[in-house]
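Report on the following structure.
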């Protein structure tokens, strides 16, 4: 029977040169959630994401993604996750088509299926006419779309978005919100980190706040905004009292 939790982080600790970046953190996320993971710069969000995806080595604790241990069953766990990073770790001189095809090859998707998947994603994200453009020739909005499309090439059950709308204008941001809602409604669990707190309030159903490597608050969005409050007000009140 499928576990109701797609992500289980159990007592995660991560140290860099003896300094604690994530401190005995535990968090469980149910399937189908649109989950906001918030925190100040240096709070431990990116480190936690790196551990979930296997990029960062866990000092202590364990992480289970869709039933697979990210350390003991790395390949299976990594295949369940799609990551859209804040920084562009992509071939700037590769075309849209090439970047998607390369990532599909990384996941071992056979050529015939790979071509079909690439074409599907180019169409889905309005990138067909830009198929042969190099990444560095794209506008900011198109770059974000391509990075998101690349994160979906392996059809992940868990999609992690790290500042997915950074640097794009309001119209493009709202369009991207539409894509994300559709993905979530189709069954993809999404974890969103963003400094645009109105974005979190608009999209997420549940929210957790990390500060100093620990979860300092976790609840539904409805609880965060009750009594006329907002995610931003609640976030500031919580982070300023946990300095």
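Divided by 2.2 N^0.38 Å, where N counts the residues, the Cα radius of gyration of the chain comes to 1.01.
Looking at the chain alone, DSSP beta bridges between its own residues are antiparallel in about 60 percent of cases. By definition, a body whose alpha carbon gyration tensor gives a ≥ b ≥ c is oblate when a/c is 1.5 or more and a/b is not larger than b/c, and the range 1-46 fits this oblate description.
For the range 1-116, the percent of C-alpha pairs falling in each 10 Å distance bin, counted from 0 to the bin holding the largest distance, reads 12, 37, 33, 16, 2. Among 222-235, 133-146, the peptide with the highest mean count of other Cβ atoms within 10 Å heads the list, and the full ranking is 133-146, 222-235.
Between the Cα long axis of helix 231-240 and the first principal axis of the chain there is an angle of about 50°, rounded to the nearest 10. Computed with the Debye formula from one identical point scatterer per Cα of the range 85-155, without solvent, the log10 of I(q)/I(0) at q = 0.14, 0.16, 0.21, 0.28 Å⁻¹ comes to -0.34, -0.45, -0.80, -1.42. All Cα-Cα distances of the range 189-241, cut into 10 Å bins from zero to the largest, leave 24, 63, 13, 0 percent in each bin in turn.
If one takes the longest principal axis of the Cα atoms in the chain, at what angle in degrees, from 0 to 90 and to the nearest 10, does the Cα axis of helix 140-151 lie? For 140-151 against the chain, the angle is about 90 degrees.
Every number in this text was worked out from the coordinates using simple rules, so none of it is lab data. This is a predicted model, so every value here is computed, not measured. All Cβ positions, glycine included, derive from the backbone under ideal geometry; neighbour counts span all protein chains shown.
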